[in-house]
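Chemist: The following block contains the structure, expressed as structure tokens.
Quick note: the coordinates plus some simple rules give every number you see, no bench work behind them. It should be emphasised that the depicted structure is a prediction, and the values quoted were computed from it without experimental measurement. All Cβ positions, even for glycine, are placed from backbone atoms using ideal geometry, and neighbour counts span all protein chains on display.
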There are 2 protein chains.
Amino acid sequence: MGLRLAPIKKAAVIGGGVIGAGWVARLATGGIDVAVHDPAPETQRRVEAVLANAARAAAKLTSAPQPISGAVTFAASIGEAAAGSDLIVEAVPERLDIKQQVYAKAEEAAPDDALIASSTSGIVPTKLQAQLSRPERLLVAHPFNPVYLMPLVEVVGGQSTAPEAIERAMSLFRDLGMHPLHVRIEIDAFIADRLMEAAWREALWLVHDGVATTAEIDDAIRFGFGLRWAQMGMFETYRTAGGEGGLRQFLKQFGPCLQWPWTKLTDVPELTDALIDTIAAQSDAQSGGYTLDELERIRDDNLVGILQALKANDWGAGKTLAEHERRLMNAQAAEADPADLSQPIRTFSRRVPPDWADYNNHMTESRYLECFAQATDALLRMIGVDGDYVASGGSYFTVETHIRHLAEVAAGEPVHATTQVLHAAGKTLRLFHQLFHDGGTLLATGEHMLIHVDLQTRRASAPPVAIGERAAKLAAAHADLPLPDGAGRAIGKLR
Amino acid sequence: MGLRLAPIKKAAVIGGGVIGAGWVARLATGGIDVAVHDPAPETQRRVEAVLANAARAAAKLTSAPQPISGAVTFAASIGEAAAGSDLIVEAVPERLDIKQQVYAKAEEAAPDDALIASSTSGIVPTKLQAQLSRPERLLVAHPFNPVYLMPLVEVVGGQSTAPEAIERAMSLFRDLGMHPLHVRIEIDAFIADRLMEAAWREALWLVHDGVATTAEIDDAIRFGFGLRWAQMGMFETYRTAGGEGGLRQFLKQFGPCLQWPWTKLTDVPELTDALIDTIAAQSDAQSGGYTLDELERIRDDNLVGILQALKANDWGAGKTLAEHERRLMNAQAAEADPADLSQPIRTFSRRVPPDWADYNNHMTESRYLECFAQATDALLRMIGVDGDYVASGGSYFTVETHIRHLAEVAAGEPVHATTQVLHAAGKTLRLFHQLFHDGGTLLATGEHMLIHVDLQTRRASAPPVAIGERAAKLAAAHADLPLPDGAGRAIGKLR
């Protein structure tokens, strides 16, 4: 599968910390080769650990077809990494001098039109680009940890940044499944970190004053407004709570509260040793029961679940995911070879998501039918029963199903289904699916009788000629295949 | 079903705005009768609209058995509402004098030991309770909108509040499926609103300075850190990002950033008419395409999805939901009558969740099997195959399934399943489920062959005598029932 979305082939990532490694995973998953440079000896181990987490999360997140992952290599110098790269991602410590040294070395080796994107959380791009020979190609692309799952990337240009560079970056990040937000005015810390810092200072005061522990503050967030902010921000949330008058009414009602003595915002708590000791000890008490690996996986599983939940509602970050999946599916459809119709057709493949396992530690029975239902949908699309056709008022309904569960399969395993058309005539379509582990084991068979229906009357009706002909063509192509084991069978005699 | 969890029978809610109405829904859903008082003429309409939204959300949120909803009545006075109430919830505007008038009237009519809970977002309970004759029973119970879905409630006592009152309130809110957070030190605005206010002021500055629009700020939240804060708060999030050294390392690395000129926190923006106009217009542009009803339902659907996603990971607010469901299921099991074994056994009931519908606008085929799988699980629990038994190393696996899809069913409709034991002998168990709309229509039948397995060898094995006997007893009780239509059938002849 040569599926590609991103218009570039190679990127360099300078800096292999949490953010740099996250960028490596996001870029490589998007099919881009990545050369990493970081002199720290543990770089390769850290990057590979993040790549493993990213692969695990991606398998859970989506069943959409994926590009072949880009190759990840470790370069001995900035120049070696930058050579031939269309994008240079800088993710080194937050010191202007260090960053400018990176840009100077990168510019020596990189193509003239390579984008240079800084991951800085706070330094404005006009300062970053001051010493570049081609400053128009530098911008800030501020991502959020974990970069391979979090959709947001703040894109900020400086005084010398070319609008075309902003456009290229926005387009690239969309191709990587992200939600680029163009920060139009460059200010220190951009948008998200200003909000986070404000809450963070307040949290430090609460700990400092002994009002609440780190665990209590986290609970006040995750059992409360954090749930709201995962899907609407604060303005839309308040609008929704404010009644028919929109935000004007809300501000009228709650605006005066801003003058109340509610916050300690007029000062920044000093990070004394005593305060650091308090916070570190409270955090140990709160989260020390988990290893860092465990916390990362818990976080990723939760983010995956939240993104999927929002996808089901086609909203916010879930909409970003849905749109990316559509792009991937369209790209795959556009390049698909015509199927070999003389054999059962491969109609479904994915890794078993972790939440498809049940208390017996294997894929739960209803998910077998979900695999078969997706295989049926793929077969139906082949004969022209797609979203447009359903919208026009016709569809097929399954009226009978016979499943044989032949072998177990665990979460994370790769599976695929093939489909044989047993019969197609008039209103009926009879399919036989086989679900395999990619290693070859037959896991289950599913036999399904479908009837074409008119979605207005909800009654059986003849399909349009073109659809009937395509179905008949598949049935004819499969007519000489042997009848699969289990076809036409019942569970067995009774009494 | 007389299922009850909450120890009280009647509550009064004074104030029928967004928060008051949300409390009414949370309390009534928990099986508590609620008397509402609010002189505003639109109170009943508003409360009933919120009750409808709450019922809709609850049907999507959980399939756990629910108490019969409490009766909601509208009282002509505070005294009428408070009479006989074990809990008085005050949700009137944020003015100390108004609140104290409410408490005075409530105390005249309410039982001596009724709790009085203020929904204030910011006034400390010591001020609220100053004029009460029994101040020890007043506390703050600060909820979050929508109260019927958001788990968090901050519980704050004043100088005169009895510890026993805090305990009673915490326990009651847990029984209502909430996550009570005891705010141990009373400060203005408690914990959550201090954090929210800090971010809110910063957001107002961003709009004031023209850096970002309300939509851009909301996107910076909901595509970014809002997703993180829905599951971990800020301390655990930073710990997870900070590496092996815990929060001490994180503070060492990022602590100095606090001194950067990143925020405008030293002042509060003045809410001039011009700023209000700007915010209101930007919010209209951002969200004006949705009606308020639509926004409320989008928000609720998203919260339901996020809570369910977190439940799948047994984490945070999802853990609260899972624990509440376990309490409800245990309560139901404790009061269940012995089943009438001479008839098929009712093993499953729920409303079809909206995300179970597919592109044909009816319950998708794999969810039929999910209904049957849950019915199978319920039947297995009846013969002793429960979580403990599975943990001990035995279980039943389904090896074959035959489904007849007989009628469609739409999202939101109530359905239930009955189960007939067709055969039970040795390692095998053969079940026949029928899925009905609660109105009586037979939607589908499912016939299932199960084999008892040893979970170590993953091979068929004889069940323990006790389990085999219970299965055989059910099969014997059902032996004289007529063979259900469709049992033993195959999809039909082939070729």
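Chemist: With an 8 Å Cα cut-off and a minimum separation of 6 or more residues, compute the relative contact order for chain B in percent.
Modeler: Contact order relative to length: 11 percent.
Chemist: Specify which residue in the list A:GLN434, A:PRO353, A:TYR389 is farthest towards the positive end of the charge dipole of the protein assembly as shown, using unit charges on the beta carbon of Lys, Arg (+1) and Asp, Glu (-1), about the Cα centre.
Modeler: Of the listed residues, the answer is A:GLN434.
Chemist: Sum -39500 (n - 2.57) across every DSSP H segment of at least 4 residues in chain A, then divide by the residue count to get the 222 nm mean residue ellipticity, nearest 500.
Modeler: Value at 222 nm, helices only: -13000 deg cm²/dmol.
Chemist: Set the Förster radius R0 to 45 Å, insert the Cβ-Cβ distance between B:ALA55 and A:ALA281 as r into 1/(1 + (r/R0)^6), and round the FRET efficiency to 0.05.
Modeler: FRET efficiency, B:ALA55 to A:ALA281: 0.50.
Chemist: Determine the shielding of peptide A:420-427 by partner chains: average, over its residues, the number of Cβ atoms on other chains within 10 angstrom of each Cβ.
Modeler: 1
Chemist: Projecting each Cα onto the charge dipole of the protein assembly as shown (Lys/Arg +1, Asp/Glu -1 at the beta carbon, about the Cα centre), which of A:ALA64, B:ALA55, A:HIS478 comes out farthest on the positive side?
Modeler: Working it through, the farthest residue towards the positive pole turns out to be A:HIS478.
Chemist: B:SER461 label points, 7 Å along Cα→Cβ, one per copy: pairwise distances from this copy to the rest in nm, shortest first?
Modeler: Label point to label point, same position, other copies: 5.6 nm.
Chemist: Hey, quick one: spin label on A:THR457, modelled 7 Å out along Cα-Cβ, who in segment A:419-433 has an amide N within reach, i.e. under 15 Å?
Modeler: Only A:427-428 fall inside the zone, counting backbone N under 15 Å.
Chemist: Calculate how many DSSP beta bridges within chain B are antiparallel, expressed in % of all such bridges and rounded to the nearest 5.
Modeler: 65
Chemist: Could you work out the mean count of beta carbons from other protein chains within 10 Å of each residue's beta carbon in B:359-371?
Modeler: Mean inter-chain Cβ contacts per residue within 10 Å come to 6.
Chemist: Give the nm distances, rounded to one decimal, from B:TYR290 to the matching residue in every other copy, measuring between label points 7 Å along Cα toward the beta carbon; shortest first.
Modeler: From this label point to the equivalent ones elsewhere in the assembly: 2.8 nm.
Chemist: Exposure proxy check: B:MET329, A:MET234, B:MET178 ranked by fewest other beta carbons within 10 Å?
Modeler: Ranking B:MET329, A:MET234, B:MET178 by Cβ neighbours within 10 Å, fewest first, gives B:MET329, A:MET234, B:MET178.
Chemist: With +1 assigned to the C-beta of every Lys and Arg and -1 to the C-beta of every Asp and Glu, and no other charges, what is the dipole magnitude of segment A:1-132 about the Cα centre in debye, to the nearest 20?
Modeler: 520
Chemist: Report, in whole Å, the centroid distance computed from the Cα atoms of segment A:14-47 and segment B:339-373.
Modeler: Segment A:14-47 and segment B:339-373 have Cα centres spaced 47 Å from each other.
Chemist: Across the residues of A:293-306, average count of Cβ atoms on other protein chains within 10 Å?
Modeler: 6
Chemist: Looking only at the protein assembly as shown, where both bridge partners belong to it, what percent of the DSSP beta bridges are antiparallel (to the nearest 5)?
Modeler: About 65 percent, rounded to the nearest 5.
Chemist: If you don't mind, another one. Give me the one-decimal nm value for the distance between modelled label points at B:ARG4 and A:PHE74, 7 Å along each residue's Cα-to-Cβ direction.
Modeler: Distance between the two pseudo-spin positions: 6.7 nm.
Chemist: Can you sort B:LEU275, B:LEU379 so the residue with the fewest Cβ neighbours within 10 Å comes first?
Modeler: B:LEU275, B:LEU379
Chemist: Rounded to the nearest 20 debye, what is the charge dipole size of chain A about its Cα centre when +1 sits on each Lys and Arg Cβ and -1 on each Asp and Glu Cβ?
Modeler: Dipole of chain A, to the nearest 20 debye: 1760 debye.
Chemist: For a quick check: sort B:LYS427, A:LYS311 by the number of other beta carbons within 10 angstrom, fewest at the front.
Modeler: So the residues, fewest neighbours to most, are B:LYS427, A:LYS311.
Chemist: If you take the charge dipole of chain A about its Cα centre, with +1 on Lys and Arg Cβ and -1 on Asp and Glu Cβ, which of A:VAL13, A:ALA169, A:ASN313 is farthest toward its positive end?
Modeler: Most positive-ward Cα: A:ASN313.
Chemist: While we're looking at this one, here's another question. Shape of the protein assembly as shown from its Cα gyration tensor (a ≥ b ≥ c, root eigenvalues): rounded if a/c is under 1.5, otherwise prolate when a/b > b/c, or oblate?
Modeler: Because a/c hits 1.5 or more and a/b fails to exceed b/c, the protein assembly as shown counts as oblate.
Chemist: For Cα pairs less than 8 Å apart in space and 6+ apart in sequence, what is the mean separation divided by the residue count of segment A:73-127, i.e. the relative contact order in percent?
Modeler: 44
Chemist: How far apart, in nm, are the 7 Å Cα→Cβ label points at A:SER342 and B:GLN101?
Modeler: Once both label points are built, they end up 9.0 nm from each other.
Chemist: If you don't mind, another one. Take the alpha-carbon centre of segment B:441-492, take the same for segment B:132-206, and report the distance between them in whole Å.
Modeler: First find each Cα centre; the distance between them is then 51 Å.
Chemist: Determine, for each peptide in B:363-374, B:413-424, the mean count of other beta carbons within 10 angstrom over its residues, then list the peptides with the highest first.
Modeler: Listed from highest to lowest mean packing, they are B:363-374, B:413-424.
Chemist: Rounding to the nearest 20 debye, state how big the charge dipole of segment B:354-495 is about its Cα centre with +1 on each Lys and Arg Cβ and -1 on each Asp and Glu Cβ.
Modeler: Computed charge dipole of segment B:354-495: roughly 680 debye.
Chemist: Let me ask something else. Using a Förster distance of 56 Å, how high is the FRET efficiency between B:ARG489 and B:TYR290, based on the Cβ-Cβ distance and rounded to 0.05?
Modeler: Working from the Cβ atoms, E equals 0.70.
Chemist: Where does helix B:365-382 land angle-wise versus the long Cα axis of chain B, in degrees 0 to 90, nearest 10?
Modeler: With rounding to tens, the tilt is 80 degrees.
Chemist: Can you list the copy-to-copy distances for A:LYS319, using a point 7 angstrom from Cα toward Cβ, in nanometres, shortest first?
Modeler: The projected label point of A:LYS319 is separated from its counterparts by 3.3 nm.
Chemist: How big is the antiparallel share of DSSP beta bridges in segment A:10-190, given as a percent to the nearest 5?
Modeler: So the antiparallel bridges in segment A:10-190 amount to around 15 percent.
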